[in-house]
Amino acid sequence: MKKINDWQWYDYPEVGSTNDEIRGFLTVPQQKIIVSARRQTAGRGRRGRSWIADEGNLLVSLALECGLDKLGEMIFIVSLSLLETVKSFDKSAPVKLKWPNDVLLDGGKLCGILLEKGEGDYLIIGIGVNIVSAPPASGMLYPLSALATAGINVTREEFLNRFVAQFDIVLSLWKENGFTPIRQRWLQNVKGLGEEIAVNMESGSKKGLFTGVDENGALLLDSERGIEKIYAGDIFYLAGK
Ligand code: BTN
């Protein structure tokens, strides 16, 4: 075990999924745990998809006690911290956020986040970052990107250390000032605000203008039926890259 700030960090050569591996550590309350792996044999993504990664990419889960009711806000805290981490390596990197929980580099998906409930009040935050390479895009909904391809050469350990520092900063801001400043900073960095998008949901697809997110993180879509709130779905930018 190593330490990053007050987090306990366990790194493995190979696991099924770091989101599963971390569950074994959540028997003691009040801990901040990180589990990472060089390879995953059963990495998973949102909505039943799988997460494929070459060795050298970051595959990590963090667990902290904060309550399931904060899951919606945590997505914004994590994605904003990831964006700030990329910018800390290259302040002019073309990095943007995408609702609900993606980080894009040059229009391609760089990071994925999978939040799950853990034991008690523990929340499990699974993060995949394409550090050295983007996996083949076949079967993926979006184009993918990687830091190395964009000329940002860092290791998974360097990225993780920088991310944890950023995450602690954004977490403190949230604890002291609530969700409002997080939401504002997230909106300053989101792709496609005011532009036409399509949202694919389990119940079907809708088109409209992406006008923002509400105080609970729901997407605001200005459609022919007025402003609609969307709670889950995949968005597509209709204006292209
Ligand atoms: C997505 O965009 O669909 C979310 C992808 C999340 C992938 C990460 S990799 C580390 C952690 N372990 C998993 O099995 N999934 C997450």
Original post:
Out of all the residues in region 52-61, is one or more within 18 Å of F159 (Cα to Cα), near the ligand (Cβ under 10 Å from one of its atoms), assigned to a strand (DSSP E or B) and of a type in the set (D, E, K, R)?
Top reply: no
Subject >> Selection status of L26, open to solvent by less than 40 Å² (accessible area, probe 1.4 Å), in contact with a Leu (Cβ under 7 Å, 6 or more places away or on another chain) and of a type outside the set (F, W, Y) >> reply: no
Subject >> Wholly enclosed strands (runs of 3 or more DSSP E) of region 1-50 bearing at least 1 residues closer than 14 Å to G126 by Cβ >> reply: 7-15, 33-40
**OP:** From L238, L173, grab the single residue that is open to solvent by 10 Å² or more (accessible area, probe 1.4 Å), more than 16 Å from the chain's Cα centre (by Cα) and modelled with pLDDT of 95 or more.
**Re:** L173
Original post:
Within the set of pairs 6 or more residues apart or between chains, which connect a residue that is within 17 Å of T211 (Cα to Cα) inside region 169-188 to a residue that is open to solvent by 90 Å² or more (accessible area, probe 1.4 Å) with Cβ atoms less than 9 Å apart?
Top reply: T180/E215; R183/E215
Subject >> Subset of region 73-90 that is open to solvent by 10 Å² or more (accessible area, probe 1.4 Å) and either modelled with pLDDT under 95 or not in a loop (DSSP other than H, G, I, E, B) (or both) - its residue that is nearest to Q188 (Cα to Cα) >> reply: E84
Subject >> Residues satisfying the stated conditions in region 29-58, i.e. farther than 21 Å from E119 by Cβ and either among the aliphatic types (A, V, I, L, M) or touching a His at 6+ places or on another chain (Cβ under 6 Å) (or both) >> reply: I52, A53, L58
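The values are calculated or read from the model by the stated rules, or taken from the named source; none is laboratory data. Computed from a prediction, not measured in an experiment: that's the story for all the values here. Heads up, the Cβs are rebuilt from the backbone with ideal geometry, glycines too, and the neighbour counts pull from every protein chain shown. Heads up: the accessible areas ignore ligands, DNA and RNA and are worked out on the full protein's heavy atoms, side chains in. Shrake-Rupley method; radii C 1.70, N 1.55, O 1.52, S 1.80 Å.
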